Each structure stands twice: as structure tokens, then as C-alpha cells.
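Data first, discussion second: the structure below is written as C-alpha cells.
The values are calculated or read from the model by the stated rules, or taken from the named source; none is laboratory data. This structure is a prediction, so every number in the text was calculated from the model and none was measured. Cβ sites come from the backbone with ideal geometry, for glycine too, and all protein chains shown count toward neighbours. Note: areas computed on protein heavy atoms with side chains; ligands, DNA, RNA excluded. Shrake-Rupley method; radii C 1.70, N 1.55, O 1.52, S 1.80 Å.
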Amino acid sequence: MNNPLVIMLSTFISVILTISTFPLGYLSPDWMLLIILYWMIAVPSMYNLYTVWLIGIIADVTVGSILGMNALVYIFLSFIVKKLHKSLRYFTIIQQSIIILIVFLIKVTFLIWIDSLLGSEIFNIDMYFVALSSALLWPAVFYSLRYFRRRYNIA
């Protein structure tokens, strides 16, 4: 039984967490991408690329970046994770955290690169702390969302 309400609620909570941890600056993890990546690994059929694009647009509006930057990077990364989800499921939580760190390093590098091409200078090298904080919080996100996935029988 698929319950998309739980997934939509977790996405909404990720927006609230992004806004509430915004004062932390670059130490704040990217909650929206963490939630997207979890659901892409656990239930890849529940998020399609259009939904990820919409969440990316919401992320752009939330953090005040150029419209479409996060959406483009979110689609690219979630496509890769969706293709690798079968193997990622069998990794330990430490191995998954390392993969999440690599994914976020790619995300930050793309955002800085796109930002430098556009000349807007919104992002800088300190954004790499977002990748580190997101990778460190991956176990907490993973276990909490797995609890809700099992409790509401989302398959």
C-alpha cells in the first residue's frame, strides 16, 4: 500500500526545516535533498522527476537562489540515485553517508559552477559545509523516515 500523504508531509516538513535552520548559514544541511534522496532510495516510484523539479523550484524560492538552479541539480542527482537505488539499499548506513557526502559535493560544485557562469556570486566555497552537515545528518534522516515508512506500510 502506497501512502503518498506521508511522503508529501515529509517534503513539507523538509521545507519547514530548511527555513528554521536558515540562520545556521552554511552549517545548515539541505533538508529537501536529503528527503528526496531517502525516498528515491526507499520507494523510487513515488517521486518522479517532475515532482523533484517542483521541489527544486520550492528550494530556490526558499533559499533565495536563482530560479531553476536547485531544480536542475536536484533532477540530475535524483536521476543518478534513482538509477543506483537497488545497490544503495544494501549499503550500510556509514557507506550510505559517504555516498550522500559525494552526492552533496557534486551538488555544491554544480551550484558554485552555475553561479560563477551567471556571475551572481550567491554561493561561495563555504557551501561545502552543507555537504558535510548533510552527510552527518543522513543516519538520523534515514532512521526516522524508515520508521514512518514501516509504520504506514509504504512500499
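Going by the conditions given, is Ile114 touching a residue at least 24 places away in the same chain (Cβ under 8 Å) and either over 16 Å from Ile35 (Cα atoms) or crowded, with 17+ Cβ neighbours inside 10 Å (or both)?
On the way: touching a residue at least 24 places away in the same chain (Cβ under 8 Å): yes; either over 16 Å from Ile35 (Cα atoms) or crowded, with 17+ Cβ neighbours inside 10 Å (or both): yes.
Yes; evaluated as a whole, the condition is true for this residue.
Out of all the residues in the range 100-155, which are of a type in the set (Ser, Thr, Tyr) and outside any helix (DSSP H, G or I)?
Once the filter is applied, which keeps residues that are of a type in the set (Ser, Thr, Tyr) and outside any helix (DSSP H, G or I), the range 100-155 yields Ser120, Tyr152.
Which members of the range 69-109 meet the condition of being aromatic (Phe, Trp, Tyr) and more than 14 Å from the chain's Cα centre (by Cα)? Can you show your working first?
Step one: of the range 69-109, the residues aromatic (Phe, Trp, Tyr) are 74, 76, 79, 90-91, 104.
Hits for the range 69-109 are Tyr90, Phe91.
Looking at Gly56, Gly25, can you tell me which residue is more than 15 Å from the chain's Cα centre (by Cα) and open to solvent by less than 60 Å² (accessible area, probe 1.4 Å)? Steps first, please.
Values: Gly56 fails: more than 15 Å from the chain's Cα centre (by Cα).
Only one candidate passes the filter, namely Gly25.
Would you mind telling me which numbered condition in (1) under 16 Å from Phe142 (Cβ atoms); (2) assigned to a helix (DSSP H, G or I); (3) open to solvent by 90 Å² or more (accessible area, probe 1.4 Å) Tyr90 fails?
(2)
Starting from the range 117-133, take each residue that is open to solvent by 50 Å² or more (accessible area, probe 1.4 Å) and modelled with pLDDT of 85 or more and list its partners that are in a loop (DSSP other than H, G, I, E, B) and of a type outside the set (Lys, Arg), counting only C-beta distances under 7 angstrom and pairs at least six apart or across chains.
Matching pairs, first to second residue: Leu118/Ile66.
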